[in-house]
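Below is one structure, written out as structure tokens; the observations come after it.
The values are calculated or read from the model by the stated rules, or taken from the named source; none is laboratory data. Everything numeric here is computed off the predicted structure, so don't read it as measured data. Note that we place each Cβ from the backbone using ideal geometry, even for glycine, and neighbour counts take in every protein chain shown.
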Amino acid sequence: MNNPHKSKIFVAGENTLIGEALVRQLRNENTWDVVGIGTTGFDLQKACELESFFESEKPEYVIYAGGKSGGIAANLKYPAEMMYDNLMGATNIIHSSHKHGVKKLLYIASSCSYPRLCTQPMKEDQLLTGSLEPTNEAYAVAKLSGIKLCQAYRRQYGDDFIVAIPANCFGIHDDFSPEDSHVIGALIRRAHEAKQSSLPQLTVWGTGQARREFLFADDIADACLFTLRHYSDEQPINLAGGTDVSIRELAQMVCHVVGYTGELEFELNRPDGMPLKSLDASRLSSLGWSPRTSFQVGLEATYKAFLTESPDQEVRI
């Protein structure tokens, strides 16, 4: 039953990596009434079903963590699904939140929304100042549309809708599938399989020179709730302050955690994506937030989750 002394909050996209981390954090805090968890029968892409949910549950706060996402391979293979799913989900959630008088909405965008050749580290006022990275353009355009829609409702109606842009996320319950995973999930699976098969080499997409900033999913969830409480502005805010490494360095660290001792071989004919993607966290840090989880600890927890959750693996812990 709902606790009348707690504020109702709805995490749209509870099954995403960030969404699951948010639900864990909200339940640990024990100050929120989390609604809509495990709800069946409605789809974020279907406005009428979402309307019925808002009518019955009446959430006071909403965090949008939904929408399909994936690594370079998934973005190249499914650009239409990436764009459609993110456009429709965000549009329906944002409009329903306005229509039903939600007190505050946090829309989680993506660092892919920044221009490909953006000055590093990327600052919030650099959005829409240059061309997007071609390998994730469809996804990025959808995320940019969500940002602009939040700003439009804020300007026209005064809705307290804010936008957060997290660094690259990884963590417990990550996607480790061969087709759709992001780089850390993909490297963990491939390094583990190479170790199990005693392969002499592990192939890695690209040159290994591209750099990324990574932040553990539970830290991103903590930053989201901190932002929900302490930030209210039309300008998006970066959720960052994690570890900035090259893909080569990342692959070496993953191999160390997994225990794979073979050689790395880089597929130079594969795309690198954006050459560098690091976020300026000064706005968030000035409010008093910093991450709690070291990159090493986060990698170890992610690999542990992979071993525990992958039924086709020989190793168990």
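Structural remarks
- Among the residues of segment 190-204, those that are outside any loop (DSSP other than H, G, I, E, B), touching a residue at least 40 places away in the same chain (Cβ under 8 Å) and either among the aliphatic types (A, V, I, L, M) or surrounded by 22 or more Cβ atoms within 10 Å (Cβ to Cβ) (or both) comprise Ala191, His192, Ala194, Leu202, Val204.
- Filtered residue count, segment 156-169, keeping only those that are under 19 Å from Leu225 (Cβ atoms) and in contact with a Phe, Trp or Tyr (Cβ under 7 Å, 6 or more places away or on another chain): 4
- Applying the condition of being surrounded by fewer than 13 Cβ atoms within 10 Å (Cβ to Cβ) and small (Gly, Ala, Ser) to segment 17-51 and asking which residue is farthest from Lys99 (Cα to Cα) yields Gly38.
- Flag: Pro291 does not match the condition of being over 18 Å from the mean Cα position of the chain (by Cα), part of a loop (DSSP other than H, G, I, E, B) and either in contact (Cβ under 8 Å) with a residue 12 or more places away in the chain or surrounded by 13 or more Cβ atoms within 10 Å (Cβ to Cβ) (or both).
- Restricting attention to segment 165-176, the residues that are in a loop (DSSP other than H, G, I, E, B) and either closer than 30 Å to Leu149 by Cβ or within 13 Å of the chain's Cα centre (by Cα) (or both) add up to 6.
- Filter result for the condition that a residue is among the small types (Gly, Ala, Ser), at positive phi and surrounded by 13 or more Cβ atoms within 10 Å (Cβ to Cβ), over Gly273, Gly259: Gly273
- Tally of residues being over 27 Å from Tyr260 (Cβ atoms) and among the aromatic types (Phe, Trp, Tyr) across segment 196-238: 2
- Exactly one residue out of Phe266, Phe216 is more than 14 Å from Gln296 (Cα to Cα), of a type in the set (Phe, Trp, Tyr) and touching a helix residue (DSSP H, G or I) at 6+ places or on another chain (Cβ under 9 Å): that is Phe266.
- Ala152 vs. criteria without any contact (Cβ under 8 Å) to a residue 60 or more places away in the chain and in a helix (DSSP H, G or I): yes
- For Lys195, the conditions (1) under 23 Å from Ile18 (Cβ atoms); (2) out of contact with any Ser or Thr (no Cβ under 6 Å at 6 or more places or on another chain) all hold with the exception of (1).
- Identity of the residue in segment 54-70, out of contact with any Lys or Arg (no Cβ under 9 Å at 6 or more places or on another chain) and buried (at least 22 other Cβ atoms within 10 Å of the Cβ), that ends up modelled with the lowest pLDDT: Ser69
- Cβ separations smaller than 9 Å between residues 6+ apart or across chains give the following pairs from segment 297-309 residues that are over 20 Å from Thr243 (Cα atoms) to residues that are of a type in the set (D, E, K, R) and surrounded by fewer than 18 Cβ atoms within 10 Å (Cβ to Cβ): Leu307/Arg316; Thr308/Arg316.
Here's the yes/no breakdown for (1) under 25 Å from Leu264 (Cα atoms); (2) over 19 Å from the mean Cα position of the chain (by Cα); (3) surrounded by 24 or more Cβ atoms within 10 Å (Cβ to Cβ):
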position: Leu132; (1), (2), (3): no, no, no
position: Gly146; (1), (2), (3): no, no, yes
position: Ala152; (1), (2), (3): no, yes, no
position: Val163; (1), (2), (3): no, no, yes
position: Thr207; (1), (2), (3): yes, yes, no
position: Leu215; (1), (2), (3): yes, no, yes
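- Matching residues in segment 244-302 - criterion: being closer than 17 Å to Lys195 by Cα and in contact with a Ser or Thr (Cβ under 7 Å, 6 or more places away or on another chain): Glu265
- Among the conditions (1) modelled with pLDDT of 90 or more; (2) under 17 Å from the mean Cα position of the chain (by Cα); (3) not acidic (Asp, Glu), Ala305 misses just one, which is (2).
- Qualifying residue in segment 86-101 (condition: surrounded by fewer than 24 Cβ atoms within 10 Å (Cβ to Cβ), of a type outside the set (S, T, N, Q), closer than 23 Å to Asp175 by Cα and in contact with a helix residue (DSSP H, G or I) (Cβ under 8 Å, 6 or more places away or on another chain)): yes
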